[in-house]
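*Asks:* Let me give you the structure first, and then I'll get to my questions.
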Amino acid sequence: MYEMTKKHRTGDDVKERVPQAVINGLWDRLKAMRQEKLLIDSTMAVMFSDDYEDHKIFFMTLQKEGAFANEYDMAYDGPKDFLGKGTIVIFKDRPKTITMSISDANKAADAADQTNEDTDTTDDAK
């Protein structure tokens, strides 16, 4: 599971929300978790903490529907404006690729926000 020789695909949705340095750090964490034999499910969620330090951010990985969770920190001194938005990144181990994408819950919330914005715009036009 999670053979690191597979292709790594980072979704455009992740690239739009998460800085590249953090994306690279998540791939590194996945590799380390594989070496530590901590990967027990073909799907893993990554949730970012709202808390951070000047040169460090914090996140949690969840597997088996949250039954197996680990907390980590990552050295990062770039912009932190992507934090505090409830972003959940999903890793999926597929037969030929390992994918990183934004969760369906985030996509649904984005769609609802867009609908609300469209309604607000329509109301303003009246």
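*Asks:* Where does helix 20-35 land angle-wise versus the long Cα axis of the chain, in degrees 0 to 90, nearest 10?
*Replies:* The angle comes out at about 30 degrees.
*Asks:* For a test of the definition: using alpha carbon positions, the gyration tensor, and the 1.5 limit on a/c, classify the chain as rounded, prolate or oblate.
*Replies:* Note, shape of the chain comes out prolate.
*Asks:* Let me ask another. Going by alpha carbons, how many degrees (0 to 90, nearest 10) lie between the helix axis of 104-125 and the longest principal axis of the chain?
*Replies:* Approximately 10 degrees, to the nearest 10.
*Asks:* Enumerate the lysines that residue 107 could reach by cross-link, defined here as Cα to Cα under 30 Å, with residues fewer than 8 away along the same chain left out.
*Replies:* Filter leaves 6, 7, 15, 31, 56, 64, 80, 85, 92, 96, 126.
*Asks:* Follow-up question, since we're still on this one. May I ask which residue of 59, 109, 98 lies farthest towards the positive end of the charge dipole of region 7-125, with charges of +1 (Lys, Arg) and -1 (Asp, Glu) on Cβ and the Cα centre as origin?
*Replies:* It is 98, whose Cα lies furthest towards the positive end.
*Asks:* Moving to a separate point now. Only four residue types carry charge here, +1 at the Cβ of Lys and Arg and -1 at the Cβ of Asp and Glu. Report the dipole size of the chain about the Cα centre in Debye, rounded to the nearest 20.
*Replies:* In total the dipole reaches around 1040 debye.
*Asks:* Which is the longest run of the chain containing none of the GluC sites (Glu not before Pro) found in DSSP loop states (not H, G, I, E, B) with at most 10 other C-beta atoms within 10 Å?
*Replies:* Counting only loop sites that pass the neighbour cut-off, the longest clear stretch is 66-126.
We did not get these values from a lab; they are worked out from the coordinates using the rules stated. Bear in mind the structure is a predicted one, so any value in this text is a computation, not a measurement. Every residue, glycine as well, gets a Cβ built from its backbone with ideal geometry; the counts of neighbours run over all protein chains shown.
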